């Protein structure tokens, strides 16, 4: 079991910006991570081992804590399903209420059940009022399919792994790549998993930050683009000898957070822009892909109950919202690419190898292009 | 041309409550009308005549003004399409922005175009900034099909009729029945058209009022229910000699307004409850029916532009919203029934007769039931 | 543990039609149950006991098998969320694809996880191609909150209870009331749970049948209506001495099945009519209620894979669909009322008593009304 | 008034492929136009003149005829609203029914009304059964805002312009650029308007073709990308002396057609991929932009009425749909770029100049990149 105090990134790997490549116009925050939005904590449980029967365990759990007591300090939230061949348990309620009231867990497809049960146990233990003074709670759990590398049928994620991810959640830098829920995941036939990026808004919105964290597991090699450059095609022959996924095209779960005071309605709209960012990296939102976006704002706490039926909240004026859209697209693209940059080669089920994105090639491609004035 | 200073109701007709029948638990406001929500004005242009060729004109325009300057003082808005075999031009933008910025016009199906054009002319004249300092404007126009009585192909609604409805809009009591956009309309094979009702919220929400105005044109006789009582079935034989609509099942446009500070997201949700109210009156939301709900809150004015990108607004706490749902259902049911109560028999196209709802029978049915303790 | 071979209905209870009361115009099928749609099987695991600590277990699992091999013989499906304060895990994929490929499980809120995990295990065992030749599978699991009577925190549903419900699923009559997932559930403050009803279509559609099964757990007493009659209000004083649910308004999951060849798009639309049926029984779709409808057609089997990329299917002509809408509303109302009719008094958590619907009173109310010509 | 028999493209301009640049992997059809889908006809009315007061008229109407009698031979249709700050009158019904039954008109924002009215007149004249044997008809009319160049307040589009576009509609090559509804439109601050492209599917789907036609009017210069290359940024300084749109970010209407037998549900899904294509060209779907996609399949004719309530249709197997998604993205990107390639400089309101996309620069940029192996 690998913990968040492990290296933040695989040995020998660097994040996209360390290659001298950046995406878009806005500056990233201090950590270039979703944790640049104050209050957000991320925790991973990473399972990389072989089980008793020698089957490869390449999976885990990632926990996103929107604040220190999300059940009592609920937040406005929204979502967009670009292609719904995936699952985010609890999303129906988030969309109905426009409110997030649990941490968000990310794991593999067959671990949605155990994550859901474990989060119920955790929350009901923390909050005795659940199911008594308050309604029962419905946890938010997103998934992607890591079965190409991971023995997903073994259902190796257990409750304790959920508790660990929740307990280890912290602010500051975020471990990326083959960690947490993204441990066994693949993007455009390169090893990927968890990635994150953030943007500092500017001008009138300069008080605000926006961050995206993805569990990225979609696409085919020839469609991969970095900042528009079709690197997947350019690198295609180099990897044509390797086996790759066929029956499935994976998925991506994207989580956007911001401290800008967006309403639920606005967060639904921002979520669509995250989808545009996914599309720019090369997704055609394949039939079998679960491309699901959830977004929340930490600005307005929605009281769980109150004597007063009315509460005051702030909102971004509709006509001021465009920079947030632009930043959301940028951060999404960079978060996905960071998930690739952070991951090393991984061997998994059936001894199959998923190669890392070759960073030297990427660097070379971009230095040539920059000489052309891009 | 009949004006709003004409009788508020057809001679010999009374509203539902004057029959001693009321629906639900909340009290209505002073006028039992959408105009009980402060600031709302309603205007009608009613066209009941024969044209030069002797064809029956039974149509008109109804204008709903959410406040005195809706273009500059925009309001949160939402919608729900129960069955979309109808048109509300401009609804896409209302749903996208969660904002209403024009009056709402109601007319017949083939007059959406002229109403839309006329409202553009009216608004661009009032607001020179439109299309210059501000974006172009997209008007909200809803329709139902009045072709069973009205010579709809004659397209008798003209721009001047739109301007007249806008100019005559006023607060206070609202003319109902065969007036405005509802002039030629039919509900459950009885003459109907415009109807309205309101509810005063109570308890913690007692500062707030909610009103519904419908242009009601749906359903078949045997499905009509008043407060659950299947009056349509009970009266069926009495009217079985009369011709009735066959190929179409009409539509209903419902407009809900409240001064409770509901967000766009909440107004979408309230709109679904209006649909439940429509269902209780007997609608099965027929394939050919356009059952479209739009809702807005007068509480928060959304600045058209501002130096500050953030504005403060109030919202109803999610857990306090149920009385609003209940009141929305009640008011919708009563608004529809009021559209029937207010309308007299009407003859129209092909000399067909659409009968009024027989109020004496209704009164008798309910007095019997009340003796049973309902 | 109570099995489906137990009595179909609690001792001394009868279904609505046995009271001489029927809803709507269409005739029910042989069993007046969702199983009148050929091929559908229903299985329950019912848990009524006290646990080791003396806490009351009043819960269970209901399994709906759309056909004998739903994973390989996938079906068109649709859904509608009237109010989404609930969970149906897997619904995102059903809505995206318009396809149902797993059984549907119904249980309590905190058992979604275990049901999901158990169904994954069951399906991957039956179909070795899952996750290999085919994508991983995402199960469909719906829930309501039974915590007023049941020790929901005890999470008493285990995998074996899921397997049992699946194994016991059978065609023919369906056990109703306090069985399966509905064991501890309550509707309008009376004991309810599972209910079902069916309708035989007629005229041109006479080859087809439609059935609805509900796990009904919504509402407050004063809103209950049977065929429009406000029985909840009329019976209110009789039960005013009893404690009832306060902080929650429960939920309802409704499953509609038909052998009419409806497309996914049409099944979405039919699902909205099921919501209208829920509304007619008295639901205002409370903020805290999860009123979720799923619908499927057994007519067209969608090949899991095929050499040919095109397949032929049948569809109901859009203009012929209204009887299906009407029947869906009727069957939904009757299914909900059947869930009440079939249930006896139940004591549960904190020794609270949930009373059965008093059938003698209902019978009396309706016989009086029928004397008035309803 | 310029007609379709005018040059297909502005003098001195060429389509993207004539620059040696192509987008994506699939081959285009014979005309690289939506008309490669058999049966589709396109007609334009182009208005480029000054009105009596010397105000610049730069607008028009484009008509898309899905087949020769769309009212009787209705087609499956779907839609997706990426950002709804725009209008497509009639879309509510298309989305509800999943059926298209009128031609599609494209014009400027303030001409939706006149286009709607004129299309009603045209259709009711052609089909006396409308409003008698059949329901009334609701036309589909999409719009973008051309007010930067065009005197939109003048409302210069008249009924006769609609009739002309309908009458002139033909198969074969399609005039692009500053024609029809796109006459006064702008994309990423370059002159644009109407553009189109098509793709021949291959493999098992090789019998099928897909085409996209856009009325493109969105974006800001610095966001423009062609096949991922940020040409907008690279060309930014060259045009920084020119005035450009500020208060508005325009819109785009995209129409996708295919003869692959897609269901309504599938056409909704394909429409989302058109949105991804829009995003790849640089749209962030700005708050004020109406980015609306409508899609239809010519394969299955849906009978308007029939003695049999069931009809047989074909559908693409869900697992075979990915190439259609990929082709939809490609064709959308190329259609947008073609709208830019086909347009010359245009002067309009206030003597403002909107520059053409500098094709020589584009050619040079791409030839440099191709030397790098892209």
#### Entry: Filter pass, residue B:363 being closer than 30 Å to residue A:263 by Cβ and either in contact with a helix residue (DSSP H, G or I) (Cβ under 6 Å, 6 or more places away or on another chain) or not in a helix (DSSP H, G or I) (or both)
no
### Query
Is there a residue being modelled with pLDDT of 95 or more, at positive phi and surrounded by fewer than 22 Cβ atoms within 10 Å (Cβ to Cβ) anywhere in region D:286-301?
no
### Candidates B:75, B:65, B:91 - the one that is under 23 Å from residue B:39 (Cβ atoms) and within 7 Å of chain D (Cβ to nearest Cβ)
B:91
### Members of region B:302-312 that are surrounded by fewer than 19 Cβ atoms within 10 Å (Cβ to Cβ) and within 7 Å of another protein chain (Cβ to nearest Cβ)
B:303, B:305, B:306, B:310, B:311, B:312
### Task
Could you check, for region D:48-58, whether at least one of its residues is modelled with pLDDT of 95 or more and crowded, with 24+ Cβ neighbours inside 10 Å?
yes
### Query
Looking at B:64, B:42, which is the one that is over 24 Å from residue D:92 (Cα atoms), in contact (Cβ under 8 Å) with a residue 24 or more places away in the chain, in contact with a strand residue (DSSP E or B) (Cβ under 7 Å, 6 or more places away or on another chain) and part of a strand (DSSP E or B)?
B:42
### Query
Somewhere in region A:314-324, is a residue more than 14 Å from chain D (Cβ to nearest Cβ) and either surrounded by fewer than 24 Cβ atoms within 10 Å (Cβ to Cβ) or in a strand (DSSP E or B) (or both)?
yes
### Query
Taking region D:280-317 only, how many residues are free of Cβ contacts under 8 Å to residues at least 12 places away in the same chain and within 27 Å of residue A:281 (Cα to Cα)?
1
### Query
From the list B:76, B:69, which one is more than 28 Å from residue B:149 (Cα to Cα), more than 18 Å from the chain's Cα centre (by Cα) and assigned to a strand (DSSP E or B)?
B:76
## Note on the structure
Flagged in region D:227-245 as within 12 Å of chain A (Cβ to nearest Cβ) and not in a helix (DSSP H, G or I), in numbering order, are D:227, D:228, D:229, D:230, D:235, D:236
### Message
Condition check: more than 25 Å from residue B:231 (Cβ to Cβ), touching a strand residue (DSSP E or B) at 6+ places or on another chain (Cβ under 6 Å) and either within 14 Å of chain B (Cβ to nearest Cβ) or in a strand (DSSP E or B) (or both). Does residue C:297 satisfy that?
### Response
yes
### Task
Determine whether residue B:39 is within 12 Å of another protein chain (Cβ to nearest Cβ) and at pLDDT 95 or above.
no
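If you scan region A:83-100, which residues turn out to be closer than 21 Å to residue A:215 by Cα and crowded, with 24+ Cβ neighbours inside 10 Å? First the steps, then the outcome.
Initial filter on region A:83-100 (closer than 21 Å to residue A:215 by Cα): A:83-92, A:94-95, A:100.
Selection gives A:83, A:85, A:86, A:87, A:88, A:89, A:90, A:91, A:92, A:94, A:100.
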### Task
Looking only at region D:189-224, count how many residues are touching a helix residue (DSSP H, G or I) at 6+ places or on another chain (Cβ under 7 Å), in a loop (DSSP other than H, G, I, E, B), within 14 Å of another protein chain (Cβ to nearest Cβ) and crowded, with 24+ Cβ neighbours inside 10 Å.
1
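Identify all residues within region C:115-125 that are at the interface with another protein chain (Cβ under 8 Å from one of its Cβ atoms) and either out of contact with any strand residue (DSSP E or B) (no Cβ under 7 Å at 6 or more places or on another chain) or over 14 Å from residue A:151 (Cα atoms) (or both); write none if there are none. Working first, answer last.
Narrowing region C:115-125 to residues at the interface with another protein chain (Cβ under 8 Å from one of its Cβ atoms): C:115-118, C:120-121, C:124.
The answer is C:115, C:116, C:117, C:118, C:120, C:121.
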### Residue check for residue B:343: under 30 Å from residue B:238 (Cβ atoms), surrounded by 17 or more Cβ atoms within 10 Å (Cβ to Cβ) and away from chain A (no Cβ under 14 Å)
yes
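Of the residues C:357, C:353, which single one is surrounded by fewer than 19 Cβ atoms within 10 Å (Cβ to Cβ), touching a residue at least 24 places away in the same chain (Cβ under 8 Å) and within 25 Å of the chain's Cα centre (by Cα)?
C:353
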#### Entry: Residue count, region C:82-105 (criterion: within 29 Å of residue B:274 (Cβ to Cβ) and assigned to a strand (DSSP E or B))
4
#### Entry: Filter result for the condition that a residue is more than 11 Å from chain C (Cβ to nearest Cβ), modelled with pLDDT of 95 or more and on the phi < 0 side of the Ramachandran plot, over B:276, B:267
B:267
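Only one residue in D:177, D:131 is at pLDDT 95 or above and in contact with a helix residue (DSSP H, G or I) (Cβ under 9 Å, 6 or more places away or on another chain). Which one? Step through it out loud before you land on a result.
Details: D:131 fails: at pLDDT 95 or above.
Just a single option satisfies the conditions, and that option is D:177.
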### Task
Take residue B:335 and decide whether it is surrounded by 19 or more Cβ atoms within 10 Å (Cβ to Cβ), in a strand (DSSP E or B) and away from chain C (no Cβ under 14 Å).
no
## Note on the structure
Matching residues in region C:126-167 (more than 13 Å from chain A (Cβ to nearest Cβ), under 30 Å from residue C:353 (Cβ atoms) and within 17 Å of the chain's Cα centre (by Cα)) number 1
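The values are calculated or read from the model by the stated rules, or taken from the named source; none is laboratory data. As the structure is a prediction and not an experimental result, all values here were calculated from the model. A quick note on method: Cβ atoms are made from the backbone with ideal geometry, for glycine too, and the neighbour counts reach across all protein chains shown.
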